[in-house]
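For reference, the structure is listed below as C-alpha cells.
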Amino acid sequence: MATATIDSPDTHDDHDEHHATSTGISNTKLAMWTFLGSECLLFGGLISTYLLYKTRRGPGPDNTAIPTDIFDIPFTSVSSFVLLMSSLTMVLALSALTRGDNAATRAWLLSTAMLGSVFIGGQVYEFTGFIREGVGFTHNPASSAFFTLTGFHGVHVSLGILMLMSLYVASKQGKLTPKHTETVEIVGLYWHFVDVVWIFIFTVIYLIPVD
Amino acid sequence: MKTPNTLTETQTVSDMFKFRRRLPGAGVVAMLGLVLAGCAGDAELDTLKPESGTADEIYDLAFWVFIIAGVVLVAVCGAVLWLAVKNRVSSYEGDEEFPEQISHNNALEITWTIVPAVVLAIVAVFTIIVHVSINRDEAAAVEIQVDGETRVWDPTIVVVGQQWWWEYRYYLDAGDLDASMLDDPSNLPPADIVASGQFAIPTGVEVDLIITSRDVIHSHWIPRLNGKRDAVPGRFSPWKIEADDPGVYFGQCTEFCGLSHSRMRMQTIAMTEADFQDWIDMQMSPATFDAELQPYVDSYREAGAGSVPDDASAALRGLDVFVTQCASCHLVDGLNDLDYDGAEVVSGSAPNLTHLANNTTFAGGILNLYNDEDGSLNRDDLAAWIRDPDAIKANFADNLADGELPRGMPDRNLTERQINDVIAFLETLGPRPTDERIAATEVE
Amino acid sequence: MTDTVTETHLEHDEDHGAHEHPSDWVYIKIALILALFTGIEVLTYFESALPFFENNSVTIATLMFLMVVKFYLVATWFMHLRFDNPIFGRMFVAGLVLATAVYCIFLSAFEFWA
Amino acid sequence: MAIIEEPLALTSGEAATAERPLGGLTRPQGGNGWRDWLSTVDHKKIGIMYGVSAMFFFVVGGIEALLIRWQLAAPEGQLLSAEVYNQVFTMHGVTMVFLFIMPLAAAFANYLIPLQIGARDVAFPRLNALSFWIWISGAIFLNSSWIVGGGGADCGWFCYSPNSGLAFSPSHGVDFYAIGLQIAGIASLLGAVNLIVTVLNMRAPGMSLFRMPILTWMLLVTQFLLLFALPVITVALFLLMFDRLFDAQFFNPATGGDPLLWQHLFWIFGHPEVYIIILPSFGIISEIIPTFSRKPIFGYSFMVFSGIAIGFMGWGVWAHHMFVSGIGPFSVAAFSLSTMFIAVPTGVKILNWLATMWGGKLLFSTPMLFAVGAVAMFTIGGLSGVTHALAPADTQQTDTYYIVAHFHYVIFGGGVLGLMGGLYFWWPKIFGHMLNETWGKVHFWIMLIGFNLTFGPMHVLGLQGMSRRIDTYSPGFGFELWNMVATIGAFIIALSVLVFFYNVWRSRRDAPNLPAPGPDPWDARSLEWMIPSPTPEHNFDEVPLVESEDEWWHRKYGYDENKRVVRIATIEEVAQDGSAEGVHLPAPSFWPLVLALGLPLIGYGLIFNLWLCVLGGALTGLALYSWALEPVDDPDADHGHDDHHDDDDGGDDDAAEPEAVTSGAEGGE
C-alpha cells in the first residue's frame, strides 16, 4: 500500500469541516451509522419475535384476541404516512440550515417534531383502543410481542422528538448555525432510521395478511 | 437377567478393551488410557459402553473422531514441544543474530486451509449418515395381549418430565401414536399405563419416545441406549430408544431444571417379550387389596374416607392415612381413581402409586425401594422421605408464598406411627419385583 | 460484516462538502413517490379495490417490493447514502444484511415459512 | 454519535476551541488522586480500571468456582444447599464471562488500541469513560442481588426459560441478572462503537488497515461482534424482564409462549460471545509469539482473514447449542455442518503460530510461556469442540462435564492464559516496571498444571455420564476419583493466582532497585514500544509516520545485502522520550460517572419501587444535559495553546449541542 501523505493540520490550507481522520470522515457520523447498524439487530429481534408469535392466542376462552384481529389499517396508514412525511420535513430542515436559513430550519424542525408527536399520539390512541377491546399487553404472546415491538419503536420516536426539540431550542438561542449541519444531520439519520424501521413494521406487521 | 451395572471385574476389563475389537493397534488404546482408566468400576451412565444399535452408531462415529482429534492433538502439541526444545534460546542478550525472516508462504497456507476442510468434509458425510440414521423412525410392531385380545403395537411411549421425576405413558391401543395427536402436556389423553421413574421396553425393537414436559425444560438421557433429547414444555419431541439385551439402563436428567436437578433420575428396564407382556398385564390391572383392606376401599369409593379402629392392622391404618393425606395428589387405581377426572388419568402431577411396590426405586429414581442385602423393603429411606421430603430432595412444596407453585412432595407432618402405617400400606401395592431386578436396579 | 472495514483504505479526505446536496424540490419529489407507494400499499388492504390482491402471494410480493423500494429511497436520499462516503453505508448494510440473514435462519428454525 | 467530542488531532499542537457555551459548567482538571481516576477520560487509566476491576471479579468468580469444586469433591457434598449451589454456579458463569474476561479484554483494547495505531486517545474519550462506569455499575448491580435480591440468579448463565420465569425462580436473582446484563451490555455496545470508530478513523498516517498489528485487528473483529451480538441478547433480556416484572407472556408455555425463543436469541448472542472472549487472546498470542521467536508473524493476511472468518462464521452456528432441544433434524444437520467448518479458520491460526515459531529463536519468557501454553490448551479445546460439532455425538456429550471441560479449555486455556501472557508482556509498558520473571514462570507452571488437573478429568467425567449443573452426585457411578482430582486442581489454580498477586506486589516493591525497563524491554515489534514506559499521558510525542507492518521493529532493524537482519538503530535512538509538552489532551469529566450511577438506580426501581426509576432517570437526564453543555475543554486549563477561535476549525465539536441527548437516550435503551 502506498505510503500515505501526512495531513498536516498545522497548515490549515483547506478549512475542512472535519479534522483529519484516517478515512477523512467524521467520527461522530461514523459512530452514528455504526450504531444504526447495531440497531438493525435490535429491531430485527423484536420483529422476528412478533412474527413468530403473531397468531399465538393463548389457551382458554379469555384473552384470546390478538392484535391482527383488530388492526385498524386505515388509521395506521394515516399515522404511517405522517411519520413518512416527517422524514421529508427533517431533510428540509437540514437543507434550510445548510443554506443558513434559521427561520426555515426552526420551522421544519418543529414540524418534524409535530409530525412525530402526531404519530405517537396515534400510537397511544391505538394502544388504548386495543386494551379497550381486550387485547392487553399481558393477555397472550401475540399481544405481548406487539406492544413490545411497537412500544419500543414509539420510545425511539419519542427520544427523537426530544432531540428535535433540543435542536429547536438551540436554534432559538442562536446556537444552531450552518457549521452545525452535521449535528442536525446526525439527528436526522436517527430520525430517518426510525422511519425506515416503521416502513418495515407497517408492511410486515400490519399489511401482510395473516392466514 | 443381564445386569450391566453388576459386571464382574473381568467383564469390566474386557469391556475396557472393546476399543481393540473396533480398532486394532495397541497405540490407540494407550492413547486413550486416561479415558479408559476412568471407566473402571461401575459406571452405569458411561457413554463409552453402548448397549443398543443407536448408541453403537453414535459411539462409532465419536470414536473415529476422537482418533482423528487425538492424532491432530499429538501432532500440534508434539510440534510445540519439539520446537520448544529445538529452537529454544536462553537469552537474547548480546545476540544480534536473527533467524531467517520468513513471513508467509501462500501455498502452505492454502494447503492447511484445504486439508482440514477436506478431512472435515469426510467426517461431515459420516456425521450426516449417522444423524439421519438415528433420527429415522422405523416402524416396529410388537404383538401384545390386552384384555385377552392380540394387538399390534408400534411401541411408543410419551415421556413427561416434571420437577423432579419422569412419567411414562403407554397408549397401547393407539396403533401408531404420533406427536401431532397430542396437544397440551399438562392435560394428556388418558393412558393405558402410567409409570414413573422406571419404564419397561421390549428388547430388540425400536421404541419411539415422544418427549415433553409439564413445567421447565428437562432432558431425557439413557446414555447406554441413546443420546439425550430435551423435554420442552409445549413441545412434543420425537426420539427413540432400543436395547439389544434385557437389562436395566440408568439415566439422569441432563438439562438444568431447577432446585433438585441432580436428583432426577430414571431407568429403562429392557425385557424379553414374554416379560414385557407380564409387565403390561400387571400395570394394566388396578391395585388389588387383601380381604382386610377391601371393605374399607369399597366404602371409600362409595362414600369417602371412613374411620379405622386403633387396633386395626398397620396396613389398614396406613390405607386410612393414605386416603386422607396422600390421595389428593397420588393415584392408586382401584382406590381413588374416581376422585380424578377420567378414571385412568394420572393424578395432579404426582407419581401414580398403583404398582409402587413393583418398582425398585422411588423419590424420582434416587432411592432404592428394597435393600440390596436381603431384598427387604427399604423402610428407613421410605420413612425418611415421607418424614421430610425436602431434606432428601430439596423442593418448593412447603411454606409457599402467595401465588407460588408447589413443586415436589410436601411435608405432611405425619406422626412416626402414621409413617410406619402408610409404609405398611404402600408395601401392599403391587407384586414384589424379582431379586434379580432388585439387585440390578440398585442405586448406589 | 467485516468486509466493511477491509476495504477501508481511504487515506485522503473525501471532501464531504464538495458535492451539493439535492435541492428541496428533489426531496419533495422523493416524498411524493414515497406517498404514492404508501397509497398502493394501503390499497392492497382493500381487496375489493384491485382484484388481483385477493391472491395472497401477489399481495405479499407487491408489499415486499414496495417496502424495499421505500426503504431504499429513504436510506439513499434522505439519509444521503447516495452522496456520502461509502463507509457509512457499509456499516449500516452490514447490520442490515446480518440481521436479515440471522433472523431469517432463526425463523426457519421455527418452521415459520411453512 | 453522540457525545460530541473533540476528535483528537493526530499531531501534537492541534488545539481545540475552548468555548464556554453557558459559562457555567467547567471541566475538572484532574491530577489530584482519586478524583483524577473518577473523572479521567484517558484511555490508559480507563484501561487500568477495567483491568483492576476485572481481576477483582476474577477473584470473586474464582471463589465461586472453588465453592463448586469443594461441593463436588466427593459424592453427596454438603457444603452448599442445592439452592445456594445453583446460585453459585450461575454467578460463577456470569461473573467469569461478563465481569472478568470481557472487561479484561476491554482493558487491553482500551489501553492498547490507541497505542498500536499511533493515536492520542480513542475517538470519544468521555464515551469511553462512560462505558467503563456503566460496566462497573452494572457489575456491582448484578452482584448486589446477593445482598438485596434474595441471592444470586439461580437459572444458569444461559438462564433457559421457563425455569427463569417467576413461577420457577421467585427470588429477585433473575431480575438482577436480566437488568444487570442489560446495563453491562450498554457499556459494551458504547465501547464497541467507540473503538470501531477509533480503529477506522484515528490511525496514524500510513497506518493502513493492513499494517495494523494482529491484536488491533482481532480486537476490531471483537468490537464488531459485540456491536451486532449485544442487541440480540438485549432483546432476549428485555423479553425476560417484561415477563417477570410486567406479566408479559413471552416464555410461558401455558399461554403459548415458546421456550425455544429464548434459546435461539440467547445463543445468537451466545455463540459470537465465545469469539468475543477468545479473539482478543488470539491477538495477544499473535503479538507475543513473533516477539519471542524473532520472526514476523507467519501469514499476516491469513491471520487477519481467518480472524474475520471466525467472526463471520460465528453467526451461523448458534443452534449447535440446541442439538437436543428438538429443533428438528434438518436444522440440526445444517448447524452441525456449519459448526464443523468453523474449525478451518481456527486451525489456520494455530498452524500459523507454529509456523511463526518454526525456525525462530524461541525465548521462553513468561509471556511466551503463557502464549504457547494457550496455543496448546486451546488446541485441546478446539478439537473437543469438533467432537461435539457432530450432532449425533453431541447428543451424548451435551450438558455433561465433557462440555464443561471443552469450554474451559477454550475460555481458560485459550482465553485466560493468553490474557495472562498479555499482562506479563505489557506490564512494563503500563506500570513502568517488569513483573518478576521467576515468579512469573512459577505462576505459569502452577496454573498450567492446576488447569489440566481441573479440567482434563472433566472430559472423562462427561463421557462417563456426569451431567452438568448437578449440585451433588451419588457414589457408584465412577465419578469419585476424577472429581477429587479436579477439585485438587482447582485449588492449585487458586494457588497460582495467589502467586500472580504476590508477583505483582513483589515486583512493585522491587522496582525502584531494578533498572528501568526502558521503552522496549522485549525487543518487540509494534508502535506502543517506541514510547517510554510507563506510557506518558500524551502517548506519542509526535505521531509516527507508519511505513510498514511491524513499524517499530523496522525502525530498529533492516536487512543487509544478504537479506540478513542487521540492527540499524538502537532503541534509544529511535524511541521517543516522552518529553513533549503542551500536548492538547481531552479534559476530564465527572458526567460519565454521574450518568452511569443513574442506570442501576433505574434497575433497582424496576425491581423494587418505580419511584427509584424516576430518581435514576432524573440523574441520568441531568448527567446527559450537563454532559452536552459542558465545554469541550476547560478554558482556564493550561493546555499550552492560545485558543484560536477559528470558526471553521472544530466548530461543530464545541459540545453546545443538545444532540448529546441523543446519545444518552440511545445509551439508555
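Since every read-out is calculated from the coordinates, none of them should be taken as a lab result. No experiment lies behind these values; they were computed from the predicted model shown. No Cβ is skipped: glycine too gets one built from the backbone with ideal geometry, and neighbour counts run over all protein chains shown.
A few points about this structure:
- Signed unit charges on C-beta, dipole axis of chain D, positive-most listed residue D:330, D:254, D:139: D:330
- Positive dipole terminus of chain D, leading residue within D:181, D:605, D:473 (C-beta point charges): D:473
- Counted as membrane-span-like here are DSSP H helices of chain D whose alpha-carbon atoms extend 30 Å or more along the helix's own axis and whose Kyte-Doolittle mean is -0.5 or above; these are D:43-72, D:125-148, D:173-201, D:214-246, D:259-291, D:366-389, D:437-463, D:480-510.
- Amide H contacts for residue B:151 (H built 1.01 Å from N in the peptide plane; partners 5 or more residues away or on another chain; cut-off under 5 Å): B:144, B:145, B:146.
- Taken about its Cα centre, the stretch B:142-284 carries a charge dipole of roughly 900 debye when the Cβ of each Lys and Arg holds +1 and the Cβ of each Asp and Glu holds -1.
- Note on D:320-327: average number of Cβ atoms from other chains within 10 Å of each residue's Cβ is 6.
- Efficiency of FRET between residue D:563 and residue B:60 - r from beta-carbon atoms, R0 41 angstrom, step 0.05: 0.20
- With Cα atoms defining each centre, the stretch D:500-528 and the stretch D:323-354 are spaced 41 Å apart in the structure.
- For the stretch B:349-444, the relative contact order comes to 39 percent (Cα pairs under 8 Å, sequence separation of at least 6).
- Packing around the peptides B:284-293, B:255-264, taken as the average count of other Cβ atoms within 10 Å per residue, puts them in this order, highest first: B:255-264, B:284-293.
- Simple spin-label estimate for residue C:43 and residue B:121 gives 5.1 nm between the two label positions (7 Å along the Cα-to-Cβ direction from each Cα).
- Stretchable slack from residue B:285 to residue B:192, in nm (0.36 nm times residue separation minus alpha-carbon distance): 32.5 nm
- Average beta carbon contacts from partner chains per residue of D:335-341, 10 Å cutoff: 4
- Spacing of the two label points (7 Å from each Cα toward its C-beta) at residue D:438 and residue B:183, in nm: 7.9
- Taking amide H atoms as placed 1.01 Å from N in the peptide plane, the amide H of residue B:157 lies under 5 Å from those of B:208, B:209, B:210, each 5 or more residues away in sequence or on another chain.
- In the protein assembly as shown, helices alone account for a calculated mean residue ellipticity at 222 nm of -17500 deg cm²/dmol, with every DSSP H run of four or more residues adding -39,500 (n - 2.57).
- Between the stretch B:261-314 and the stretch A:138-159, the alpha-carbon centres lie 53 Å apart.
- The stretch A:48-77 and the stretch D:87-151 have Cα centres lying 40 Å from one another.
- For chain B, hydrophobic long helices are taken as DSSP H runs at least 30 Å long by C-alpha position along their axis with mean Kyte-Doolittle hydropathy of 1.6 or more; these are B:53-86, B:106-135.
- Percentage relative contact order, chain B, counting C-alpha pairs under 8 Å, at least six apart: 14
- For a label point 7 Å along the Cα-to-beta-carbon line of residue D:63, residues of the stretch D:89-105 with backbone N under 19 Å: D:89-101
- As a proxy for reagent exposure, B:188, D:610 were ordered by neighbouring Cβ count within 10 angstrom, fewest first; the result is D:610, B:188.
- Legend: distances between Cα atoms for B:86/D:563; D:45/D:556; A:29/A:54; pairs beyond 27 Å are D:45/D:556; A:29/A:54.
- Length-normalised contact order of chain D in % [C-alpha pairs under 8 Å, at least 6 apart]: 22
- The calculated FRET efficiency for the pair residue C:23 and residue C:76, based on their C-beta separation and a Förster distance of 22 Å, comes to about 0.85.
- Sorted by Cβ density within 10 Å, fewest first, the residues D:288, D:140: D:140, D:288
- Each of B:157, D:268 has some number of other Cβ atoms within 10 Å of its Cβ, and from fewest to most they run B:157, D:268.
- Distances between placed amide hydrogens fall under 5 Å for residue B:367 paired with B:362, all partners being 5 or more residues away or on another chain.
- For the pair residue B:404 and residue D:70, a Förster radius of 30 Å applied to the C-beta separation gives a FRET efficiency near 0.45, rounded to the nearest 0.05.
- Label-point gap, in nm, between residue B:88 and residue D:146 - each point 7 angstrom along Cα→Cβ: 4.1
- Helices assigned as whole DSSP H runs in chain A whose Cα atoms extend at least 30 Å along their own long axis and whose mean Kyte-Doolittle hydropathy is -1.0 or higher are found at A:27-53, A:73-99, A:102-132, A:141-172.
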